[in-house]
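Report on the structure given below.
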Amino acid sequence: MRPRALVSTIIVLLLGHTLQAQVPDVRSLMQRKPGAARQLQGRTAQRADVKKLFEMIEQGIVRSSLTESSRHFAEQVFVNMSSGESGYFSASQTVSILQRFLSSRSSLSFEFSRFSDTGSTPYATGRLSFVSRGRKESAQVYVSLRFQDSRWVVSQFNVY
């Protein structure tokens with residue numbers, strides 16, 4: 001092995017070992033800092049809840065039916081649609097607006113491509129492909145959440 005390659009290999013091995021030593025696991029955190037471990041577990045639970053809600057919304061968009069998700073909408077949701085509706089609407093009005101939009105289009109594909117599942121306002125965004133009046137079109141979908149009444153709810157829904 002050439003000296004330069006040997007030095008590179010040693011550096012990689014040392015850095016890998018150093019990085020592994022710096023990343024604590026939950027058990028060691030619980031022994032050293034019980035509060036930090038609970039906080040880490042809380043964030044993990046938050047991420048799971050947020051991801052589950054985004055998956056439910058994603059499936060509703062694909063099936064062109066968000067009625068199943070309606071209980072996960074905030075009391076007031078900010079909606080901004082490319083079809084013109086914009087403003088704060090109740091959960092039932094929001095579902096009605098979205099249903100009207102989705103039912104007038106044949107969904108081809110949709111998937112959230114970007115996520116932020118941490119912090120106080122997690123969001124997801126993705127491209128919706130659909131057929132409308134015989135033409136293939138697409139729209140960007142943006143959904144953000146907030147924590148309300150001990151659960152995550154949709155606080156903003158944009159289709160543009």
Scanning the stretch 80-95 for residues that are part of a loop (DSSP other than H, G, I, E, B) and of a type in the set (S, T, N, Q), which turns out farthest from Lys52 (Cα to Cα)?
-> Ser83
Qualifying residue in the stretch 144-158 (condition: among the aliphatic types (A, V, I, L, M), surrounded by 13 or more Cβ atoms within 10 Å (Cβ to Cβ) and closer than 16 Å to Phe101 by Cα) | no
Might you let me know whether the stretch 140-148 holds any residue that is out of contact with any Phe, Trp or Tyr (no Cβ under 7 Å at 6 or more places or on another chain) and small (Gly, Ala, Ser)?
-> no
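Each row is one residue, and each column tells you yes or no for (1) within 21 Å of Val153 (Cα to Cα); (2) of a type in the set (Val, Ile, Thr); (3) in contact (Cβ under 8 Å) with a residue 60 or more places away in the chain; (4) not in a helix (DSSP H, G or I).
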position	(1), (2), (3), (4)
Ile97	yes, yes, no, no
Ser107	no, no, no, yes
Thr118	yes, yes, yes, yes
Thr121	yes, yes, no, yes
Gly126	yes, no, yes, yes
From the set of residues in the stretch 65-79 that are of a type in the set (D, E, K, R) and not in a strand (DSSP E or B), which is surrounded by the most Cβ atoms within 10 Å (Cβ to Cβ)?
-> Glu68
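Only the coordinates and a few stated rules stand behind these numbers; no lab work does. Quantities reported herein were computed from a predicted structural model and do not represent experimental measurements. All Cβ positions, even for glycine, are placed from backbone atoms using ideal geometry, and neighbour counts span all protein chains on display.
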